[in-house]
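J.: One structure coming up, written as structure tokens, with questions to follow.
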Amino acid sequence: MLLASLSFAAMGGFAKVVSQVLPPVEVTFFRNIFGVILVGLAIYKVPLKQIGGRPWLLLFRGSMGFAALLAYFYIMAHIPLAEAVTYNKTSPIFVAIFAFIFLNEKLHKNAIFAIGLGFIGIILVAQPQGGSFDKYDILGIFSGIGAALAYTSIRELRKYYDTRAIVMSFMAVGTVAPLFLMLITPYVTVSEDFDWMFAEFVMPQGVEWAYVTAVGIFATISQLLMTKAYELTKAGIVGTISYSNIVFALIIGIMLGDPIPDVWTFLGILLVIMSGLLVAFSKK
């Protein structure tokens, strides 16, 4: 899981660099195309074993995962990498809420306390000016919410679908949707609020090809290592260690020129980490 976290942070570093010259919707496409090829080969070699029957929920999982990832790549280009990763790691907080609402899972007192702690952490990271969040903070929080909706849907989907089919739903939507959005961009007019979703395709030049390739490779390596980690030991242990990717992202971000976070941002990051751990422990 430590290697998975390091790989995930490395993907973020390459994505941050290449997002300065390529639109996030295009980076999202390159991030997913590698996964489609690898998962597609796995399905070809070993056919799917599933009962199916929930195609709309499968599409919902893929769409939410794609939207969350797109927002994540967009904010990477505009805010420090550690803050972007922290927003993404708020997903366990929202999973606890959505599991309570949609799956009737119990919300223990510790979990309620953890959720409150997490929201305080989000406010400290965002540090809203004049009492309102800016565009990047809103999209950062959305990346956590979107990921949480995707993760919550997996709990239901795994009763009906092979794990590879669930992963492919995310990868496939994350490949087809960016292509569609880039194709229609010349024919639509959108406000600045939605510029994170629409952009024309920009042909990568020179070293940019290496960057987008690295995004796809490190993302795939991270997923493989994380999956193996969950197979080998308890989910609580793996989930705890997964927060190390914030530390790796902080180091990589500073190496790329991000400012060192102030004391309030550091405190906010710590509170988000603590809330995620408390949510995990409350399930025990």
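Please treat every number below as a calculation from the coordinates, not as lab data. Quantities reported herein were computed from a predicted structural model and do not represent experimental measurements. Cβ placement follows ideal geometry from the backbone for every residue including glycine, while neighbour counts extend to all protein chains displayed.
Residue by residue, here is whether (1) closer than 19 Å to Lys135 by Cα; (2) in contact with a Leu (Cβ under 6 Å, 6 or more places away or on another chain) holds:
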residue: Leu3; (1), (2): no, yes
residue: Leu22; (1), (2): no, no
residue: Gln50; (1), (2): no, no
residue: Leu70; (1), (2): yes, no
residue: Met76; (1), (2): yes, no
residue: Ile93; (1), (2): no, no
residue: Phe100; (1), (2): no, yes
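J.: Ok, one more. With (1) buried (at least 19 other Cβ atoms within 10 Å of the Cβ); (2) on the phi > 0 side of the Ramachandran plot as the list, and Gly140 as the residue in question, which single condition is left unmet?
T.: (2)
J.: Continuing with this model, one more query. Would it be correct to say that Pro55 is closer than 25 Å to Ala172 by Cβ and out of contact with any Lys or Arg (no Cβ under 8 Å at 6 or more places or on another chain)? Give the derivation first.
T.: On the way: closer than 25 Å to Ala172 by Cβ: yes; out of contact with any Lys or Arg (no Cβ under 8 Å at 6 or more places or on another chain): yes.
Answer is yes for this residue.
J.: Now, a different point. Please verify whether Val85 is touching a helix residue (DSSP H, G or I) at 6+ places or on another chain (Cβ under 8 Å), within 22 Å of Thr213 (Cα to Cα), β-branched (Val, Ile, Thr) and crowded, with 22+ Cβ neighbours inside 10 Å, treating the condition exactly as stated. It would help to see each step written out before you state the result.
T.: Numbers: touching a helix residue (DSSP H, G or I) at 6+ places or on another chain (Cβ under 8 Å): yes; within 22 Å of Thr213 (Cα to Cα): yes; β-branched (Val, Ile, Thr): yes; crowded, with 22+ Cβ neighbours inside 10 Å: yes.
Answer is yes for this residue.
J.: Residues in segment 143-163 that are crowded, with 18+ Cβ neighbours inside 10 Å, touching a Leu at 6+ places or on another chain (Cβ under 9 Å), touching a residue at least 60 places away in the same chain (Cβ under 8 Å) and assigned to a helix (DSSP H, G or I): how many?
T.: Residues in segment 143-163 being crowded, with 18+ Cβ neighbours inside 10 Å, touching a Leu at 6+ places or on another chain (Cβ under 9 Å), touching a residue at least 60 places away in the same chain (Cβ under 8 Å) and assigned to a helix (DSSP H, G or I): 5 in total.
J.: OK, next. Picking from Asp262, Asp195, which residue would you name as being of a type in the set (D, E, K, R) and more than 27 Å from Ala114 (Cα to Cα)? Show your work before the answer.
T.: Values: Asp262 fails: more than 27 Å from Ala114 (Cα to Cα).
Asp195 is the lone residue from the list that is of a type in the set (D, E, K, R) and more than 27 Å from Ala114 (Cα to Cα).
J.: From the list Ser282, Ser222, Ser242, Ser275, exactly one residue is under 29 Å from Ala96 (Cα atoms), in contact with a His (Cβ under 7 Å, 6 or more places away or on another chain) and either in contact (Cβ under 8 Å) with a residue 40 or more places away in the chain or surrounded by 18 or more Cβ atoms within 10 Å (Cβ to Cβ) (or both). Which is it?
T.: On the way: Ser222 fails: in contact with a His (Cβ under 7 Å, 6 or more places away or on another chain); Ser242 fails: in contact with a His (Cβ under 7 Å, 6 or more places away or on another chain); Ser275 fails: in contact with a His (Cβ under 7 Å, 6 or more places away or on another chain).
Step by step, each of Ser282, Ser222, Ser242, Ser275 is checked, and only Ser282 is under 29 Å from Ala96 (Cα atoms), in contact with a His (Cβ under 7 Å, 6 or more places away or on another chain) and either in contact (Cβ under 8 Å) with a residue 40 or more places away in the chain or surrounded by 18 or more Cβ atoms within 10 Å (Cβ to Cβ) (or both).
J.: A further question follows. On the given criteria, is Ser132 more than 18 Å from the chain's Cα centre (by Cα) and among the hydroxyl-bearing types (Ser, Thr, Tyr)? Outline the logic, then answer.
T.: Working: more than 18 Å from the chain's Cα centre (by Cα): yes; among the hydroxyl-bearing types (Ser, Thr, Tyr): yes.
Yes.
J.: Then there's this: Under 21 Å from the mean Cα position of the chain (by Cα) and of a type outside the set (Phe, Trp, Tyr), is that true of Leu179?
T.: On the way: under 21 Å from the mean Cα position of the chain (by Cα): yes; of a type outside the set (Phe, Trp, Tyr): yes.
Spelling it out, Leu179 is indeed under 21 Å from the mean Cα position of the chain (by Cα) and of a type outside the set (Phe, Trp, Tyr).
J.: Being out of contact with any helix residue (DSSP H, G or I) (no Cβ under 8 Å at 6 or more places or on another chain) and either closer than 22 Å to Leu149 by Cβ or surrounded by 19 or more Cβ atoms within 10 Å (Cβ to Cβ) (or both) narrows it down to one residue among Pro47, Pro55, Pro24; which is it? Talk me through it step by step, then tell me what you get.
T.: Working: Pro47 fails: either closer than 22 Å to Leu149 by Cβ or surrounded by 19 or more Cβ atoms within 10 Å (Cβ to Cβ) (or both); Pro24 fails: out of contact with any helix residue (DSSP H, G or I) (no Cβ under 8 Å at 6 or more places or on another chain).
Result: Pro55 is the single residue among Pro47, Pro55, Pro24 that is out of contact with any helix residue (DSSP H, G or I) (no Cβ under 8 Å at 6 or more places or on another chain) and either closer than 22 Å to Leu149 by Cβ or surrounded by 19 or more Cβ atoms within 10 Å (Cβ to Cβ) (or both).
J.: On to the next question. Looking only at segment 17-47, how many residues end up being assigned to a helix (DSSP H, G or I) and among the hydroxyl-bearing types (Ser, Thr, Tyr)?
T.: Of all residues in segment 17-47, those assigned to a helix (DSSP H, G or I) come to 17-18, 24-45.
Still in the running and among the hydroxyl-bearing types (Ser, Thr, Tyr): 28, 44.
The number of residues fulfilling the criteria is 2.
J.: May I ask you to verify whether Val202 is hydrophobic (A, V, I, L, M, F, W, C), closer than 25 Å to Val176 by Cα, in contact (Cβ under 8 Å) with a residue 40 or more places away in the chain and crowded, with 20+ Cβ neighbours inside 10 Å?
T.: Values: hydrophobic (A, V, I, L, M, F, W, C): yes; closer than 25 Å to Val176 by Cα: yes; in contact (Cβ under 8 Å) with a residue 40 or more places away in the chain: yes; crowded, with 20+ Cβ neighbours inside 10 Å: no.
No, not satisfied.
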